[in-house]
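The values are calculated or read from the model by the stated rules, or taken from the named source; none is laboratory data. Please read these numbers as outputs of a predicted model, since none were measured by experiment. Every residue, glycine as well, gets a Cβ built from its backbone with ideal geometry; the counts of neighbours run over all protein chains shown.
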Ligand SMILES: [Zn+2]
């Protein structure tokens with residue numbers, strides 16, 4: 001079928017790029033990016049898909065799937081109206097040693113076949129929406145839960161592909177959105193997601209429907225109601241909507257197809273074979289989730305390569321019901337790592353093994369530091385999909 005071409009303004013890119021580049025440069029520690037393909041070490045853009053952090057927290061109940069896409073969004077204030085970018089709080093209170101240079105190879109092992117569920121609590125049900133011959137992993141500096149301004153938060157991950165890269169269905173399902181307006185409703189060409197596709201998957205999780213969203217597309221090659229299989233082409237990547245450069249914004253939604261039901265895609269995308277995922281619950285000494293981003297640096301003992309991640313913006317995104325995490329780093333080659341952070345003017349460090357194909361987990365509790373053990377087994381009141389609430 002004929003594709004829908006993007007015709008909408010790229011001026012936002014130019015408009016925001018200058019401001020954002022300065023801001024993000026200032027907030028990013030040096031040289032600790034994940035490996036990227038040659039020539040892509042410094043993505044010259046910043047993700048700008050975001051909305052206000054609800055001041056009331058995420059008390060939204062899990063409702064039956066009766067709310068049309070975009071209806072929730074129209075109830076919230078426009079995240080972009082009249083907003084003046086200002087620097088996010090700088091979590092760095094401590095100077096770490098300079099990391100080594102990042103490898104430039106884009107090679108990674110093939111992915112575990114989906115669905116990959118090595119434990120009762122893991123749910124790597126999706127393949128990557130970008131083929132393996134491209135960079136198909138999330139940008140380290142624009143992870144899920146990141147705060148880019150004082151009151152906005154990232155509800156997906158960004159994969160740094162150029163315009164015109166085929167975007168693939170992450171799993172089998174039916175197209176329930178194809179076009180502009182997924183956030184604002186209607187066919188609004190100013191929608192921050194730009195041209196977007198949403199799939200309602202044939203499978204769910206613990207009785208709840210799963211959706212995946214693909215944003216900022218340049219061209220859409222599927223139609224509403226069409227059924228697709230994992231790996232089927234949906235369209236081409238682009239830079240429609242609020243972006244300052246081309247990339248794919250990928251989101252996972254559980255329960256309902258709306259912005260407030262997102263989950264961290266790095267806990268749902270199958271990892272490369274032999275690689276693992278690191279998740280953590282980071283708290284203050286009293287056991288409450290930190291209310292500002294906390295930086296962690298993860299260094300491979302074998303290669304000295306560094307990865308970084310910050311904890312989620314407090315209250316702004318959902319955690320997994322089992323892990324209750326507020327920090328995730330995906331795609332870590334199995335092996336021994338040193339994990340470092342600074343808290344209250346002190347540095348903390350622990351050695352941890354990343355096992356392949358599974359979620360590896362630690363907690364950090366303020367001045368009590370690190371603990372490496374899995375979360376307690378869920379009790380009778382365990383309700384997958386329940387909203388995260390801060391608790392000791
Ligand atoms: Zn994004």
Legend entry - Enumeration of residues in region 127-139 that are under 14 Å from the mean Cα position of the chain (by Cα) and either buried (at least 24 other Cβ atoms within 10 Å of the Cβ) or away from the ligand (no atom under 13 Å from the Cβ) (or both): 128, 129, 136, 137, 138
Inset, instruction - Answer with yes or no whether residue 107 is part of a loop (DSSP other than H, G, I, E, B) and over 19 Å from the mean Cα position of the chain (by Cα). - result: yes
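Could you check how many residues of region 184-216 are within 16 Å of the ligand (Cβ to nearest atom) and closer than 16 Å to residue 268 by Cβ?
The first filter runs over region 184-216 and keeps only residues within 16 Å of the ligand (Cβ to nearest atom), leaving 191-198, 211-216.
This time we only want the ones that are closer than 16 Å to residue 268 by Cβ, so: 198, 211-214.
Summing the residues that are within 16 Å of the ligand (Cβ to nearest atom) and closer than 16 Å to residue 268 by Cβ in region 184-216 gives 5.
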Legend entry - Subset of region 232-251 (residues that are more than 18 Å from residue 138 (Cα to Cα) and more than 11 Å from the ligand (Cβ to nearest atom)): 232, 233, 234, 235, 240
Inset, instruction - Considering only residues that are more than 18 Å from residue 217 (Cα to Cα) and more than 16 Å from the ligand (Cβ to nearest atom), look in region 140-170 and name the one that is surrounded by the fewest Cβ atoms within 10 Å (Cβ to Cβ). - result: 150
Inset, instruction - Determine, yes or no, whether residue 291 is within 30 Å of residue 348 (Cβ to Cβ), away from the ligand (no atom under 16 Å from the Cβ) and at pLDDT below 95. - result: yes
Inset, instruction - Residue by residue through region 260-300, note down the ones that are assigned to a helix (DSSP H, G or I) and surrounded by 23 or more Cβ atoms within 10 Å (Cβ to Cβ). - result: 261, 265, 266
